[in-house]
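The values are calculated or read from the model by the stated rules, or taken from the named source; none is laboratory data. Being a predicted model, the structure only gives us computed values, none of them experimental. Positions of Cβ are backbone-derived with ideal geometry, glycine not excepted, and every protein chain shown enters the neighbour counts.
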Amino acid sequence: MGKHSALFLRTLALTAALAVVALFVAWREGRVPHAKAHHTPEELAAFRGARNATDLPLAVNEYFMASGRCYGCHGPDLVNNYSMVDANGVDVNVSDDWRSTMMANSAKDPFWRAKVSHEVAVNPAHQVGLEDKCTSCHAPMGKFDKLYTEGTPYGIADLIHDSVALDGVSCLACHMQKEEGIGLEFSGTLHFDTNNVLFGPYGNVFGSPMTSFVGYEPLFGAHITSAELCAGCHTLITETADLEGNLTGDQFVEQATYHEWVNSAYDTDANPEGGISCQACHAPRIDDAVVISANYLFLQGRTPYGLHHFAGANTFMLGLLRDNIEALGITATPTQFDSTIARADRMLKQNTLLLDAQVTARDLDTAAIEVKLTNLAGHKFPSGYPARRAFVELMVQNAMGDTLFHSGGWNADYEVNGHDPAWEPHYDVIRSEDQAQIYEMVMGDVNGNWTTVLERAKTPLKDNRLTPLGFTTSHPSYDTTVIANVSESDVDFNRDANGLEGSGSDVVHYRVPMNSYAGQINVTARVWYQSAPPRYMTEMFAFDTPEINTFRAMYEAAGPAPVLVKEATTNDMTVAVDNIRELGVRIFPNPVADGLLRIDGINDRVRSIEVYTIGGQLVSSIVPAGRRQWQVALPQRQATYLVVMDTPSGRVVERVVAY
C-alpha cells in the first residue's frame, strides 16, 4: 500500500511485530580477528589508545557496539591529516561532528528523561510499555539488543547501566538498519541486520580494516541516504488513555515529521527532480573528495560526502547539555557543542522561514498591516515534539520611537504576553495587544481539555503550524498531518492568491489603532522560536521525581528564552487626511517627466512642506512663511515620492511618481 497510505501505516506501526532474527556470534573484546598485514602490533596498540583517549564509549553488547569503536578510523586523522578532511584540509570527521548533537545525546537528554518519568508518574501501571516504547528511538542499541537476545521489554533501569544504549542514536543505530520496512513502519519499529554488516553510501569499499577491527563488513546501502531511514522514529503514533489510565482504543499522532515531508513538494519519490531528502539538510553533502578511513594513505577520496552535523533548531537544549556536561556524563566538549549550536542557529535563521511586513492601508483610525510567513523547511514549522512553538511579535512605533502597539512580546518568565489560560487560538486578524499569533500543536485529552501528558492525548485542539511547500489536505498522509482549528475563512493559510493549497505560508492581518496619529510609523515584525516553553512544563513540574527535579534545576538555570528566527521592518508615512484639493494646493505635474516638481497655491493653512523618498529619506523641506509657490528637483527618475504638508487639522500626503 506504500508510504502514502498513512492510515494503514500508522495502524501497522502499532501492531506489527518485529521479525524473529537469527542470532550471530557477536564480536567481543578478546575475539577480535588478528590484524591484517597492513597493521603492525604497535600500530594496533596506538590505534586502540587513540580511541580510549577520546572518552567515547568502547562498550559492546550482543549485537551492537558504541561509537568509540568507530573513532579510530572515522575520527580525526591527527597523524597524517589525510583522512576525514575536506579539500582545504579542514577536519570533517563524523565522530566529532556527531558527538555534540541531540542524536548523540538522545539517551542522556534530561528533558526526555524527565518526560518519561512524568508519563510513568501519571500512569504507573503502564511503566513497562511506556519505557520500552520511548527507548526504541532514544536508546535503540540497548532496547533492540535486549529484544533480540531475551525478547523482553527494555526500561530506564536497563538504560542507566548500559553504556551502549547511553550512546544514543549512535553509528550503528543508523548504519545497521536494513532496508526492510523503512518508510512503511513507524513509532520505533526498526529493523537491524544482525549478520555482521553495516550499510553506507559508497560501493566498492576497502572493507578489511572494518572487518578486522570491529568485526563488521561494510556494504553499499542506497537506503542510508533516503528519507525513509528517518521514518521509523520521526513519525510516532501513541495509544490514548483516559484520566483513570484506561486505554480507550484511540490513537494520537505525537509527531509526523516524516509524513509532513511526504505531504510536501520535497518528497523525492513524488518529485524526483526537485525533491530534497532529510539528509540533504540535516547531513548536508559536500562535493569534496574525502578519504573516509584513517591510516591508509593509498585510499582515494569519496564524493559526495555527508557531513554528520544533524543540525535542527533546538539550540536551547544543546546549550543546556553543554552547560551540564559533567552532570550528564556527556563526552562532547563545550567547543564541540558551540559548533553544533552555531550550525543549528544557522539552520533556524537562514533555512527555515521568510518574513515580510507591509502597511497595506491606513487612516487616522487604523493601520492595516500584513505579516507574511513562508515556511522553507521540508516539514511543518515547528515540527517534532509537541512542546515546540513559534510566535509572531509585532511592534508599531511613532516617529519619536514611542510604542503605539505591541503584540506577541514576552515577559520575564519567557511566556508570551496575553497568552490565554490554556491555549491561544489561531488568528487570521489581530486587533488588540492581548492577542498573539502562536504556531504550535496543542494536545487535547478525552474530555477535550488541554494536556501535556502524551498518553492522555486523544486529538489536537490546535495545529496551525506552518505547513511545507506543496502540502495539501487531500494527500493520503493528511490523517497524520492534520491542520486543526484554523478557520476556513482564513483564506491565506497555506493558500496562494488563487486559493490553491500548497503555498506553505500564512498572512497575519493586524489592525492597529492609530488614535488620530497621522505621522510616520515604524513597523517591526519578529518571529521567535521556543523548543521548551514554560507553560508546557507546568504539568510535569507539579510532580516530584529525581528526573524531573534534575531537569527543572537545569531548565531554570538556563532560562528558556525564545530564539529570534527572522525580523522584518517597514515604515509608512501615508495618512488618511489625503485631500489635497481641500487645501487649494496644486502639485504638478504628476507624474513628473523632467525631474522638477512644482507646488502652487500654498496658503496660510500649510505650516510646512516636506518631500520624502518612498523609503522615508528626506529630499527637501520648507516653511512657506507667505510663499505661494515652490519647486523641487527630484534626485532620481523612475521613483515614487511623498509630499507631506503639515496643517492644523493633520498631515496631508500626496504620492508623486517620477519617470
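Any idea how many residues of the range 142-173 are within 30 Å of Gly306 (Cα to Cα) and surrounded by fewer than 21 Cβ atoms within 10 Å (Cβ to Cβ)?
Residues that pass the stated criteria total 1.
Here is a list: Ala313, Ala344, Ala289, Ala283. Which entry is of a type in the set (Gly, Ala, Ser), at pLDDT 95 or above and not assigned by TED's automatic domain parsing to the domain that holds Val164? Quick ask: steps written out before the conclusion?
On the way: Ala313 fails: not assigned by TED's automatic domain parsing to the domain that holds Val164; Ala289 fails: not assigned by TED's automatic domain parsing to the domain that holds Val164; Ala283 fails: not assigned by TED's automatic domain parsing to the domain that holds Val164.
Result of the check over Ala313, Ala344, Ala289, Ala283: Ala344.
All but one of (1) crowded, with 18+ Cβ neighbours inside 10 Å; (2) free of Cβ contacts under 8 Å to residues at least 60 places away in the same chain; (3) under 27 Å from the mean Cα position of the chain (by Cα) hold for Gly68, so report the exception by its number.
Single failed check for Gly68: (3).
Is it true that Arg552 is crowded, with 16+ Cβ neighbours inside 10 Å, assigned by TED's automatic domain parsing to the domain that holds Phe391 and among the charged types (D, E, K, R)?
Criteria met by Arg552.
Among the residues of the range 202-237, write down those that are surrounded by fewer than 21 Cβ atoms within 10 Å (Cβ to Cβ) and touching an Asp or Glu at 6+ places or on another chain (Cβ under 6 Å).
Across the range 202-237, the qualifying residues are Gly207, Thr211, His223.
Any idea how many residues of the range 596-625 are under 22 Å from Thr640 (Cα atoms), among the charged types (D, E, K, R) and not in a strand (DSSP E or B)?
Total meeting the criteria: 0.
Condition test on Pro476, is it in contact with a helix residue (DSSP H, G or I) (Cβ under 7 Å, 6 or more places away or on another chain) and at negative phi?
Values: in contact with a helix residue (DSSP H, G or I) (Cβ under 7 Å, 6 or more places away or on another chain): yes; at negative phi: yes.
Yes: the conditions hold for Pro476.
Inspect the range 552-562 for any residue being of a type in the set (Lys, Arg) and either closer than 30 Å to Leu454 by Cα or part of a strand (DSSP E or B) (or both) and give the result as yes or no. Steps first, answer last, please.
So the first thing to find is which residues in the range 552-562 are of a type in the set (Lys, Arg), and the list is 552.
With the extra rule that they be either closer than 30 Å to Leu454 by Cα or part of a strand (DSSP E or B) (or both), the set shrinks to 552.
Yes.
What tally of residues in the range 609-641 results from selecting those that are of a type in the set (Ser, Thr, Tyr) and in contact (Cβ under 8 Å) with a residue 40 or more places away in the chain? Break it down stepwise before answering.
First pass over the range 609-641, keeping only residues of a type in the set (Ser, Thr, Tyr): 612-613, 620-621, 640-641.
Filter once more, keeping what is in contact (Cβ under 8 Å) with a residue 40 or more places away in the chain: 641.
Residues flagged as of a type in the set (Ser, Thr, Tyr) and in contact (Cβ under 8 Å) with a residue 40 or more places away in the chain within the range 609-641 amount to 1.
Given the range 285-385, what helices (runs of 4 or more DSSP H) lie entirely inside it while holding 3 or more residues that are within 30 Å of Arg526 (Cα to Cα) and among the small types (Gly, Ala, Ser)? Talk me through it step by step, then tell me what you get.
On the way: elements: 315-322, 325-328, 334-350.
Because the criterion is at least 3 residues that are within 30 Å of Arg526 (Cα to Cα) and among the small types (Gly, Ala, Ser), the helices (runs of 4 or more DSSP H) in the range 285-385 that meet it are 334-350.
Against the conditions (1) surrounded by 15 or more Cβ atoms within 10 Å (Cβ to Cβ); (2) at pLDDT below 95; (3) more than 27 Å from Ala311 (Cα to Cα), where does Glu62 fall short? Just the number, please.
Just one mismatch for Glu62, condition (2).
Looking at the range 102-115, can you tell me whether even one residue there is surrounded by fewer than 23 Cβ atoms within 10 Å (Cβ to Cβ) and in contact with a strand residue (DSSP E or B) (Cβ under 7 Å, 6 or more places away or on another chain)?
no
Can you tell me which residues in the range 174-198 are surrounded by 19 or more Cβ atoms within 10 Å (Cβ to Cβ), of a type in the set (Val, Ile, Thr) and over 26 Å from Glu260 (Cβ atoms)?
Scanning the range 174-198 gives a single hit, Thr194.
Results for (1) among the small types (Gly, Ala, Ser); (2) at pLDDT 95 or above; (3) under 20 Å from the mean Cα position of the chain (by Cα); (4) over 21 Å from Thr315 (Cα atoms), shown as yes or no for each residue.
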{"residue": "Thr481", "(1), (2), (3), (4)": "no, yes, yes, yes"}
{"residue": "Asp490", "(1), (2), (3), (4)": "no, yes, no, yes"}
{"residue": "Asn494", "(1), (2), (3), (4)": "no, yes, yes, yes"}
{"residue": "Gly502", "(1), (2), (3), (4)": "yes, yes, yes, yes"}
{"residue": "Tyr510", "(1), (2), (3), (4)": "no, yes, no, yes"}
{"residue": "Gly519", "(1), (2), (3), (4)": "yes, no, no, yes"}
{"residue": "Gln530", "(1), (2), (3), (4)": "no, yes, yes, no"}
{"residue": "Pro546", "(1), (2), (3), (4)": "no, yes, no, yes"}
{"residue": "Ala553", "(1), (2), (3), (4)": "yes, yes, no, no"}
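Among (1) in a loop (DSSP other than H, G, I, E, B); (2) among the small types (Gly, Ala, Ser); (3) more than 30 Å from Gln127 (Cα to Cα), where does Ala390 come up short?
(1)
Go through the range 621-646 and count every residue that is buried (at least 16 other Cβ atoms within 10 Å of the Cβ), within 28 Å of Gln358 (Cα to Cα) and not hydrophobic (A, V, I, L, M, F, W, C).
Residues flagged as buried (at least 16 other Cβ atoms within 10 Å of the Cβ), within 28 Å of Gln358 (Cα to Cα) and not hydrophobic (A, V, I, L, M, F, W, C) within the range 621-646 amount to 2.
The rows are residues; the columns are (1) surrounded by fewer than 17 Cβ atoms within 10 Å (Cβ to Cβ); (2) in contact with a Ser or Thr (Cβ under 7 Å, 6 or more places away or on another chain).
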| residue | (1), (2) |
| --- | --- |
| Ala532 | no, no |
| Glu539 | yes, yes |
| Asp572 | no, no |
| Leu596 | yes, no |
| Ile599 | no, no |
| Arg607 | yes, yes |
| Tyr612 | no, no |
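Pull up the range 396-445, narrow it to residues that are crowded, with 16+ Cβ neighbours inside 10 Å, closer than 13 Å to Arg535 by Cα and among the acidic types (Asp, Glu), then point me to the one that is farthest from the chain's Cα centre (by Cα).
It comes out as Glu424.
Quick one: would you say Glu370 is over 19 Å from Pro110 (Cα atoms) and surrounded by fewer than 18 Cβ atoms within 10 Å (Cβ to Cβ)? Break it down stepwise before answering.
Numbers: over 19 Å from Pro110 (Cα atoms): yes; surrounded by fewer than 18 Cβ atoms within 10 Å (Cβ to Cβ): yes.
Considered against the rule, which asks whether it is over 19 Å from Pro110 (Cα atoms) and surrounded by fewer than 18 Cβ atoms within 10 Å (Cβ to Cβ), Glu370 comes out as yes.
I'm told Lys566 meets every condition in (1) at pLDDT 95 or above; (2) touching a Leu at 6+ places or on another chain (Cβ under 8 Å); (3) surrounded by fewer than 15 Cβ atoms within 10 Å (Cβ to Cβ); (4) of a type in the set (D, E, K, R) except one. Can you identify the failing condition by its number?
Exception for Lys566: condition (3).
How many residues does the range 209-265 hold that are in contact with a helix residue (DSSP H, G or I) (Cβ under 7 Å, 6 or more places away or on another chain) and small (Gly, Ala, Ser)?
5
Taking the condition under 30 Å from Glu556 (Cβ atoms) and not assigned by TED's automatic domain parsing to the domain that holds Ser477, does Thr303 pass? Please lay out each step first, then the result.
Numbers: under 30 Å from Glu556 (Cβ atoms): no; not assigned by TED's automatic domain parsing to the domain that holds Ser477: yes.
Considered against the rule, which asks whether it is under 30 Å from Glu556 (Cβ atoms) and not assigned by TED's automatic domain parsing to the domain that holds Ser477, Thr303 comes out as no.
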